[in-house]
Amino acid sequence: MTGSRKSEILLTLGFLGIISCVPLAQIALELRRGERVQYTDLFRYAPTVRNLRQYERTLEDKSWFQRAVRPEMQRLLLLSLGDAGAKGLLGRGGWLFYRPGVRYLVEKSRAEDVAQAVVRFRDQLKERGIELLLMPVPDKASVYPDRLTSRMAGRFHHYRSPTEDLTDALTWKGVESVNLFRLFREERREGSNSTDLYLAHDTHWTPAGARLAAEAVARKLRDLGWAPTRRRDYATQPIHVERRGDILEMMQVPRIPKSFPAQVVECEQVLDKSAGLLVSTISGREGTYMNQHLVDTPLQATVLLLGDSFSRIYQTPEPQSLGETLGLAGAKDDEWNRENLKRTRRLLPGSAGLPSLLARALAAPVDYIVSDGGAATDVRQALSTNAEILEFKRVVVWEFTERDIGLGPEGWRDVPLPPRLSP
């Protein structure tokens, strides 16, 4: 046997030894813990496509090697090559973008399914004497393409999202909408770049972006003659929040969040003079929040907001890993403020999101149903089981992030309205 042949055999044996170490170590670990050996599932179930895919997912979830080594490899790739993994994209100036949101902007999607769902929902509401106002929220890359790539430097105002074609088509079908794309571009073009409209390491807007959206909805409702006519005064207080991005959380890479500085933003909490913070009083299924105006007052909410996490952020409780409330901006260190700050720590900061900001802009109460990642169908499913929340409603504002347009027909199912309450 020649020397080169021996080298080939040794290299082959070494390679086989290396790749066999992982499954053998996994088997030994499972036996030591008294667990079922996952590799035996190959012989327990028929080798169908479904079973093999389930087997693959189980191996990934149970693999000690993946849990121990993969996060460190991802951290190394991010810090050395700027690879932010399957969910993130590293932009310019340290900004992070949500990869599925960018993918929607560059790939063709079937907007016809969305248009049909929107028109159907509009017609369902019309039968109840309720109007529909649509508000697609731009992805961060739609507003800040120049922070994603240098090719758009100085040209952000020339970018047109495919969602604008959808809203134009819906306008021809008689569906009213709020154009945040044009509003945000104009806000940037007019030299307001000192105040960002989106968080640097998060998928969502800043409090400034949420406030602009709320004011735009209120203006549109007044222009259409759909705004509440009876007024209710709300108080406000500025409050600082230190926020870490949800894109960093999605990457699931240890110590990475600490490699990016937390972003301090100033929110504007809205308070009802008799009820305090405008936070959820009715909770739905996990990930879904509802609020129905239950304050002891004859003033009923005529506006219902349906939305996703863009409506939830700053409004309802969030994980402590995403940040903390720092303090009331400019407030004196008195007992009332200390107690109020204690109540809002878990809310980040609570009552400062789109629902409360819209109530303040309208000077009228607003009911809402929000579901993280579920504004296409989940919020309408929650609505279908809550006949009471449609009582006295004159208009439904439907907010959803534009990337949901790419979900296809399965993501935009037809959902009936709840039955009418007996007179």
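The values are calculated or read from the model by the stated rules, or taken from the named source; none is laboratory data. Remember, it's a predicted structure, so these values are computed and weren't measured experimentally. Backbone-built Cβ (ideal geometry, glycine too); neighbour counts: all protein chains shown.
Cβ contacts < 8 Å: first residue on the phi < 0 side of the Ramachandran plot, restricted to segment 225-237; second residue assigned to a loop (DSSP other than H, G, I, E, B) and of a type in the set (Val, Ile, Thr), any location; separation 6+ or different chain. Result?
Short answer, once both residue conditions are applied: Pro228/Thr302; Arg232/Thr297.
Specify which of the listed residues (Pro254, Pro238) is assigned to a loop (DSSP other than H, G, I, E, B) and either at pLDDT below 85 or in contact with a Gly (Cβ under 7 Å, 6 or more places away or on another chain) (or both). Break it down stepwise before answering.
Numbers: Pro238 fails: assigned to a loop (DSSP other than H, G, I, E, B).
Sole residue among the options that is assigned to a loop (DSSP other than H, G, I, E, B) and either at pLDDT below 85 or in contact with a Gly (Cβ under 7 Å, 6 or more places away or on another chain) (or both): Pro254.
Where the second residue is assigned to a strand (DSSP E or B) and at pLDDT 85 or above and the first is under 14 Å from Leu347 (Cβ atoms) and among the polar types (S, T, N, Q) and lies in segment 255-279, which pairs have Cβ atoms under 6 Å and are six or more apart or on separate chains?
Short answer, once both residue conditions are applied: Gln269/Gln237; Gln269/Ile239.
Within segment 403-416, is there a residue that is over 21 Å from Ala141 (Cα atoms), at pLDDT 95 or above, out of contact with any strand residue (DSSP E or B) (no Cβ under 8 Å at 6 or more places or on another chain) and surrounded by fewer than 17 Cβ atoms within 10 Å (Cβ to Cβ)?
yes
Return yes or no: is Leu166 assigned to a strand (DSSP E or B) and touching a residue at least 24 places away in the same chain (Cβ under 8 Å)? Even if it seems obvious, please write down each step before you answer.
Working: assigned to a strand (DSSP E or B): no; touching a residue at least 24 places away in the same chain (Cβ under 8 Å): yes.
In short, no.
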